1. Arg53 is checked against (1) in contact (Cβ under 8 Å) with a residue 40 or more places away in the chain; (2) among the basic types (Lys, Arg); (3) not in a strand (DSSP E or B) and fails just one. What number does that condition carry?
2. For the range 56-70, give me the residue count where each residue is farther than 24 Å from Val110 by Cα, part of a loop (DSSP other than H, G, I, E, B) and not acidic (Asp, Glu).
3. Is it the case that the range 35-50 has a residue that's in contact with a Gly (Cβ under 7 Å, 6 or more places away or on another chain), over 17 Å from Val139 (Cα atoms) and touching a residue at least 12 places away in the same chain (Cβ under 8 Å)?
4. Taking the condition among the hydrophobic types (A, V, I, L, M, F, W, C), under 21 Å from Lys130 (Cβ atoms) and at pLDDT 95 or above, does Val33 pass?
5. Select, from Leu101, Leu74, Leu81, the only residue that is hydrophobic (A, V, I, L, M, F, W, C), closer than 19 Å to Leu27 by Cα, touching a residue at least 60 places away in the same chain (Cβ under 8 Å) and in a helix (DSSP H, G or I).
6. Limited to the range 124-149, what total is found for residues that are among the hydroxyl-bearing types (Ser, Thr, Tyr) and either in contact with a Pro (Cβ under 9 Å, 6 or more places away or on another chain) or surrounded by 17 or more Cβ atoms within 10 Å (Cβ to Cβ) (or both)?
7. Answer with yes or no whether Tyr44 is among the aromatic types (Phe, Trp, Tyr), under 16 Å from the mean Cα position of the chain (by Cα) and at pLDDT 95 or above.
8. Of all residues in the range 1-50, how many are within 21 Å of Tyr82 (Cβ to Cβ) and in a strand (DSSP E or B)?
Amino acid sequence: MRAVVQRVTQGSVEVEQKLVGSIGKGLVVLLGVSEKDTMDDVSYMADKILNLRVFDDEEGKMNYSLLDIKGELLVVSQFTLYGDCRKGRRPNYMAAAKPELADELYNEFVKACRSQQVKTETGVFQADMKVNIINDGPVTLIVDSEKII
């Protein structure tokens, strides 16, 4: 799994001009699923992202996690994170999971986050979405389970 994680003051997702998910202070996670991913990747990614220390303490140092600040989470499926741009001009998406597996693991990731009592909003899987992000910092990180597992 691969995620682009952004610390935000607010984030939202619209589908067909209708608001489907909205958060205040927290993290927006653009989540991609590869063909090799399993539940181990889901567990790793949920734990890693929820515990990333990217929120400022009283001294302005990034010492607090989303769990520490009781922040909110917006998770948006993003198969294009597995676009391989090394050859030619059109990205190759062969490493991205097929929709059935991607949807299953995406939903398991959301479930794992919600099980930690984190307010977790989502987009709509495979929909054309408009994502609004007010990045705070800016703080943007890439988290990838393949490098660890």
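The values are calculated or read from the model by the stated rules, or taken from the named source; none is laboratory data. It should be emphasised that the depicted structure is a prediction, and the values quoted were computed from it without experimental measurement. In this analysis, Cβ positions are derived from the backbone assuming ideal geometry, glycine residues included, and neighbour counts consider all displayed protein chains.
1. That leaves (1) as the condition not met.
2. Residues meeting the conditions: 2.
3. no
4. no
5. Just a single option satisfies the conditions, and that option is Leu81.
6. So the count comes out to 1.
7. Spelling it out, Tyr44 is indeed among the aromatic types (Phe, Trp, Tyr), under 16 Å from the mean Cα position of the chain (by Cα) and at pLDDT 95 or above.
8. Total meeting the criteria: 13.
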